[in-house]
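Comments concern the structure below.
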Amino acid sequence: MTDDVTNLVNTTSSESRFQRGKRFVPQGVNGYDENWYPICLAKEVKPGKLHGFKYLNGKVIVFRTHDGKAQVLSAYCRHLGVDLSEGSVVGSTIRCPYHHWDYDQTGQCVKTAIGAEPPPRAKLFEFPTRESFGLIWAYNGEEPGYDLPVFPVPEHELEYIVCRASEVPMDPFMLFSNTMDLQHLISLHKAKFDSLPDKFEVGERTISYSQAMSMPKLGHSTQQVTCHGTNCITLVSEVKGRETFMMSAGLAIRGPLTKTFNVSATRRTEASTCGSVLSQMRERLAIRAHIKLVDAFGKRLNAEDDPIFRTMSPRMDRLAGNADKALKTYFDFATSYPRSTIAQDLICNDYRDGAQRIEVV
Ligand code: FES
Ligand SMILES: [Fe+2]
């Protein structure tokens, strides 16, 4: 694990008019950012079934234990490296399809089919796993370095929509820079700021700030913005008289590729549970219409960004003073963000993914 990587590369020691600025170090070099990554929709993971998903430089399995709790483990059997997503759930263990070694929920091999003692180091990587807002999340590291992104209102008090939103051929840390790219909010998304935000609370793993702006279809609002790690953004605001919560989070996959998921939410109101049946129904429909409006807003931003993202070749080249102050703050944060290599050997299939990745020992 590298705790203190600087994720920028100097392309030249002396500045030249004909060279661009510093390159960003891609994800996968020095590991992947130590983030909570959303892997899939929680409803996709059925009890008693194994599911395989691409994750960072490789693959993980996702399943539910007998108590319904979701767990994420590295996908390749510690015996001969067979993909365990082709295996099965047997009671509270998962079984490799080849020689039927059984792994418990922590990833420890506990039994072999022929009764031989499992090698003590036959253990899969056990990712810290959470289920929240209809998503399964896994942290890239042994212990989470920050709390799972949430809203300031408990999940059970919210009505929300969660969906797969986009697939973009760039690393999450670059994709999510667009939140603090205030120029593009104005030019591309037609935002009108009361004034550009210039006070940013920068922590080790989060950035928070407030912005007052008008957006097409949503109108005017003051938003509390938080970047959680380098792959998730939450917005808290009041839109059209309702508390409104938006989250976008991205999974990093080798490519580069980011799969994003969006959550759009509002607080359940008293009027949706009290009063006449008709008024309750009306209020529930209004709540539903509101989160659909917010969801459509998020999708519109994704659709406007998407073709642009596909053309970008970003460098830290010429930022524009105050207009790019927020973006510079994000780049300083993201380029010194810690990366972890801890799981990368256990999740990769280097036999399939390219012989050049296999070191001869
Ligand atoms: S490869 Fe999995 S048990 Fe042998
Ligand atoms: Fe955007």
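Per the Debye formula on identical point scatterers at the alpha carbon atoms of the stretch 139-178, with no solvent, log10 I(q)/I(0) at q = 0.15, 0.16, 0.21 Å⁻¹ is -0.67, -0.75, -1.06.
Could you quote the convex hull projected area for the stretch 32-139, Cα atoms only and averaged over all directions, in nm²?
6.5
Extending 7 Å from Cα along the Cβ direction at Asp67 and again at Leu278 yields two label points whose distance is 4.8 nm. Between Asn349, Asn322, Asn35, the residue with the greatest mean-square fluctuation in the GNM of the chain (Cα pairs under 10 Å linked by springs) is Asn322.
Percentage of Cα-Cα pair distances in the chain greater than 30 Å, rounded to whole percent? Of all Cα-Cα distances in the chain, 44 percent exceed 30 Å.
Sorted on the mean count of surrounding Cβ atoms within 10 Å across their residues, most packed first, peptides 94-103, 134-143, 275-284 read 134-143, 94-103, 275-284.
Over the chain, DSSP H runs of length four or greater, each weighted -39,500 (n - 2.57), average out per residue to a 222 nm ellipticity of -5000 deg cm²/dmol.
Largest mean-square fluctuation among Asn178, Asn262, Asn57, in a Gaussian network model of the chain whose springs join Cα atoms under 10 Å apart, belongs to Asn178. The share of Cα pairs per 10 Å bin across the stretch 147-291, counted from zero up to the longest distance, runs 11, 35, 35, 14, 4, 0 percent. Overall, the stretch 32-139 carries a charge dipole of about 160 debye about its Cα centre when +1 sits on the Cβ of Lys and Arg and -1 on the Cβ of Asp and Glu, all other atoms neutral. Loop-located chymotrypsin sites (Phe, Trp or Tyr not before Pro) across the stretch 7-75 with a Cβ neighbour count of 14 or fewer within 10 Å are Phe18, with loop assigned by DSSP.
Relative to the 2.2 N^0.38 Å rule of thumb, the stretch 14-94 has a C-alpha radius of gyration ratio of 1.61. If you take all other residues with their beta carbon under 13 Å from the beta carbon of Gln71, and give Lys and Arg +1 and Asp and Glu -1, the sum is 0.
Highest average first, the peptides 118-130, 165-177 ordered by how many other beta carbon atoms sit within 10 Å of their residues are 165-177, 118-130.
Rg over Rh for the stretch 267-361 works out to 1.24, using Cα positions for both radii and the Kirkwood form for Rh. Comparing Ala113, Ala191, Ala323 in a Gaussian network model of the chain (Cα springs below 10 Å), the most mobile by mean-square fluctuation is Ala113.
Readers should treat all values here as calculations from the given coordinates under stated rules, not as data from a laboratory. Bear in mind the structure is a predicted one, so any value in this text is a computation, not a measurement. We place every Cβ from the backbone using ideal geometry, glycine too, and count neighbours over all the protein chains shown.
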